Amino acid sequence: MKLYITGSVGSGKSTLARKIGGMGLPSFELDAVVYEPDPDSPGDNRKRPETVRDAVFAEILARTSWVMEDAGRPCFVKGMEEADQVVLLEPAAFVRDFRILRRWLRQRAGKEQCGYRPDFLMLRLMFRWRRDYDRGKDGLKKRLEPFAGKLVILRGEKEVRAFLDKLREEVYGGLSGIPADIGQSGAGAGRRL
């Protein structure tokens, strides 16, 4: 199974990818393909050379199954092409804004790791990127058009839960006795059979 999860900043991409990864599917955050830790500036990152980024991405694509999440950068369109399903997370703007602020505050307090400095500039950039998505300036919706036949759009928590339930059924093939918390965050998250 190959899934490509996308959406704007604060849409829940990383959370959904972690939950699906908890079902035993290898999960990849594509920010880690684009960026690497900067040894000259602890706590920061730097862009990998494109040739290195592309080689790392090709290694992921060569796997028999994967879950990848990204904001839909053009350099990763091949992931959308090869995915069995492309999942677009599109919660309401106020939900994404709340998540952006909450994450930033957690990062500032040292309660959540990040590969960048969680300063005020980064907070402003995250809000700008969210607005750019909503206005179509980032081009993501245009890049998704060729994949309409395998595109799943999830706009709320209820839809995300239903998607996870269906996916859990597909992954475990209707086996009885599968705990309901497999693939969910919180207690029991990440358990495998």
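Residue by residue through region 84-94, note down the ones that are within 16 Å of the chain's Cα centre (by Cα) and open to solvent by less than 40 Å² (accessible area, probe 1.4 Å). Val86, Val87, Leu88, Leu89, Glu90, Pro91, listed by residue number. Check region 102-113 and report whether any residue there is in contact (Cβ under 8 Å) with a residue 40 or more places away in the chain, open to solvent by 50 Å² or more (accessible area, probe 1.4 Å) and more than 15 Å from the chain's Cα centre (by Cα). For region 102-113, residues in contact (Cβ under 8 Å) with a residue 40 or more places away in the chain, open to solvent by 50 Å² or more (accessible area, probe 1.4 Å) and more than 15 Å from the chain's Cα centre (by Cα): absent. Selection of region 50-80 for residues being open to solvent by 40 Å² or more (accessible area, probe 1.4 Å) and farther than 22 Å from Asp138 by Cα yields Thr51, Val52, Ala55, Val56, Ala58, Glu59, Ala62, Arg63, Thr64.
Taking region 120-139 as the search range and keeping residues that are under 18 Å from Cys75 (Cα atoms) and aromatic (Phe, Trp, Tyr), which one is surrounded by the fewest Cβ atoms within 10 Å (Cβ to Cβ)? Among them, the one singled out is Trp129.
Quick check on this structure: which one of Leu25, Leu16, Leu3 is surrounded by 15 or more Cβ atoms within 10 Å (Cβ to Cβ), touching a residue at least 40 places away in the same chain (Cβ under 8 Å) and in a helix (DSSP H, G or I)?
Going through Leu25, Leu16, Leu3 in turn, the sole match is Leu16.
The combined condition, being closer than 28 Å to Met23 by Cβ, aromatic (Phe, Trp, Tyr) and either open to solvent by less than 50 Å² (accessible area, probe 1.4 Å) or not in a loop (DSSP other than H, G, I, E, B) (or both), is fulfilled by Phe98.
The values are calculated or read from the model by the stated rules, or taken from the named source; none is laboratory data. Keep in mind it's a predicted model, so treat the numbers as computed, not measured. FYI the Cβ positions are ideal-geometry reconstructions off the backbone, even for glycines, and counts take in every protein chain you see. Note: accessible area is taken over every heavy atom of the protein model, side chains too, but ligands, DNA and RNA are not part of it. Shrake-Rupley method; radii C 1.70, N 1.55, O 1.52, S 1.80 Å.
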